[in-house]
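Asker: Handing you this structure, nothing more for now.
The values are calculated or read from the model by the stated rules, or taken from the named source; none is laboratory data. Computed from a predicted structure; not experimentally measured. All Cβ positions, glycine included, derive from the backbone under ideal geometry; neighbour counts span all protein chains shown. Heavy atoms of the whole protein, side chains included, go into the accessibility calculation; ligands, DNA and RNA do not. Shrake-Rupley method; radii C 1.70, N 1.55, O 1.52, S 1.80 Å.
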Amino acid sequence: MPIKCKTECGRNAVLKRPKTSDALCKECFFAAFEAEIHYTIITNKLFTKGEKVAVAASGGKDSTVLAYVLKLLNDRHDYGLQLILLSIDEGITGYRDDSLETVKKNRDDYQIPLKILSYDELYGWTMDRIVGQIGRSNNCTFCGVFRRQALDRGAKQLEVDSIATGHNADDIAETVLMNILRGDTARLRRCTDIRTGGGENTIPRVKPLKYTYEKEIVMYAHFKKLVYFSTECVFAPNAYRGHARAYLKDLERVRPSVIMDIIHSGEQLLFKDTVKKPVRGICERCGFVSSQQPCKACILLEGLNRGLPKLGIGKKSKGDRMRLKQDKELALRERANLVKNDF
Amino acid sequence: MSKSDLNIFLEFSAGAELLFGNIKRRQVTLNGDEKWTIRKLLKWMHANILTERPELFIQDDSVRPGILVLVNDTDWELLGELEYEIQPNDNILFISTLHGG
Ligand SMILES: [Zn+2]
Ligand SMILES: [Zn+2]
């Protein structure tokens, strides 16, 4: 016997909502899903009329659903936003090729303009070449650091007012857990913020799917037949996040509200004044937000360009020693050349 | 040959197909003289068609948390999950949420 939709609309239910355990039909699920995201956007004042908003688009399920729903809500509720898809091409053969095709399909299907920026354009290095230099052990560091700044760089080029990212409730709960496990109070402090940045020189980032469960995002994409791309990065899945994720999924089986509970815990945390707070400044080399001088991206880039790719990995003192050693060697070689040229 | 065959369709998406020889949809024929629940089907899948890293699909006799199961486009959580009794021509879809964002 099919279960009827909780709203008494008369139709058969197709899914059980993880947040509420309600059984809903397709139509009532769509309505609830979209209304909740609209509510999140309105109550948190994520956007202002007339703004230009970049949707960080990876071709994955979250950003695909985000682009689709933002477009739909923008039309339905007259947000007056100018949406644009922003994609980053890391230059990983076979990985982005397919996902960029997906983003292009999103562009055509949802009629949102698209800008693709490559690591090559932004940094002069593709991930394939970086892996060629450093092997596969630390490449996720490079990829992650470069990607974080790539969005800022891209957003600045596009002159947008904000960047919307597809982080969902499960992602945020995972991040809270990971930051607790690592004792990363700086990130713990801001990882549940629905809006980050937005000070001078920085473009704010917003997370309209902050309270949206992953299961519902996948179900929504499935029932709406949205096309998305799903493959783990070929170089390495994020092992640590994978564990946090598996742990959370196990907890969720016993206690379905655990995702919201963890987000709530993260939001309510208060830090003592004695807990060191990183000063978010501007990198003197590239001009983008950073809590260190120069920023991580600039150090990694310097390492690549110097042929010392390990420069930005590990302790700063070690990096300084590597730099010093190379400068000394270069100086010696130069002197040797000078001596030779004296003849 | 058994008296009756139980024909069903298995579908995989969002990366789940990678664990099953990269085949997205297939028809399988089960012995129709027996009663088949999803619990029993998962064991059969493990033994017969799960070619790649079974721990990414099966956990404690069920699917790994994070894999969604739909029977004829309905969430299996509404159908009794493991105890659901499979009917002829059922379409059972497994969607991974564990691959990529
Ligand atoms: Zn309904
Ligand atoms: Zn910099």
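Asker: What pairs come up if the first residue lies in the range A:1-15 and is of a type in the set (Gly, Ala, Ser), the second is within 8 Å of ligand 1 (Cβ to nearest atom), and their beta carbons are under 6 Å apart, counting only those six or more places apart or on different chains?
Answerer: Every condition considered, the pairs that remain are A:13/A:5; A:13/A:24; A:13/A:25.
Asker: If I go through the range A:48-58 residue by residue, how many of them are crowded, with 21+ Cβ neighbours inside 10 Å and touching a residue at least 60 places away in the same chain (Cβ under 8 Å)?
Answerer: 5
Asker: Give the residue that is most open to solvent (accessible area, probe 1.4 Å), with candidates limited to residues of the range A:244-290 that are assigned to a helix (DSSP H, G or I) and of a type in the set (Val, Ile, Thr).
Answerer: A:254
Asker: Looking at A:104, A:71 in this structure, which one is under 15 Å from residue A:164 (Cβ atoms) and open to solvent by 50 Å² or more (accessible area, probe 1.4 Å)?
Answerer: Testing whether each residue is under 15 Å from residue A:164 (Cβ atoms) and open to solvent by 50 Å² or more (accessible area, probe 1.4 Å) leaves just A:71.
Asker: Is there a residue being within 8 Å of another protein chain (Cβ to nearest Cβ) and open to solvent by 10 Å² or more (accessible area, probe 1.4 Å) anywhere in the range B:75-85?
Answerer: yes
Asker: What's the total number of residues in the range B:16-68 that are of a type in the set (Gly, Ala, Ser) and more than 14 Å from every other protein chain (Cβ to nearest Cβ)?
Answerer: Going through the range B:16-68 one residue at a time, the tally reaches 3.
Asker: Something else: Does residue A:281 fit the bill of being touching a residue at least 12 places away in the same chain (Cβ under 8 Å), over 24 Å from residue A:167 (Cβ atoms) and touching a strand residue (DSSP E or B) at 6+ places or on another chain (Cβ under 7 Å)?
Answerer: yes
Asker: Further, regarding this structure: What do you reckon, is residue A:26 without any contact (Cβ under 8 Å) to a residue 40 or more places away in the chain, surrounded by fewer than 23 Cβ atoms within 10 Å (Cβ to Cβ) and away from ligand 2 (no atom under 16 Å from the Cβ)?
Answerer: no
Asker: In the set A:87, A:21, A:63, which member is in contact (Cβ under 8 Å) with a residue 60 or more places away in the chain, away from ligand 2 (no atom under 16 Å from the Cβ) and on the phi < 0 side of the Ramachandran plot?
Answerer: After applying the criteria, what remains is A:63.
Asker: Take the residues in the range A:11-32 that are within 14 Å of chain B (Cβ to nearest Cβ) and within 21 Å of residue A:261 (Cα to Cα); name whichever of them is nearest to ligand 1 (Cβ to nearest atom).
Answerer: Taking the candidates together, the pick is A:22.
Asker: Check off (1) surrounded by fewer than 18 Cβ atoms within 10 Å (Cβ to Cβ); (2) touching a strand residue (DSSP E or B) at 6+ places or on another chain (Cβ under 7 Å); (3) free of Cβ contacts under 8 Å to residues at least 40 places away in the same chain for residue B:35 and give me the number that stays unchecked.
Answerer: It fails just one condition, (3).
Asker: Is it true that residue A:293 is assigned to a loop (DSSP other than H, G, I, E, B) and modelled with pLDDT of 80 or more?
Answerer: yes
Asker: Among residues belonging to the range A:198-227 that are within 12 Å of chain B (Cβ to nearest Cβ) and in a loop (DSSP other than H, G, I, E, B), point out the one that is nearest to residue A:47 (Cα to Cα).
Answerer: My answer is A:209.
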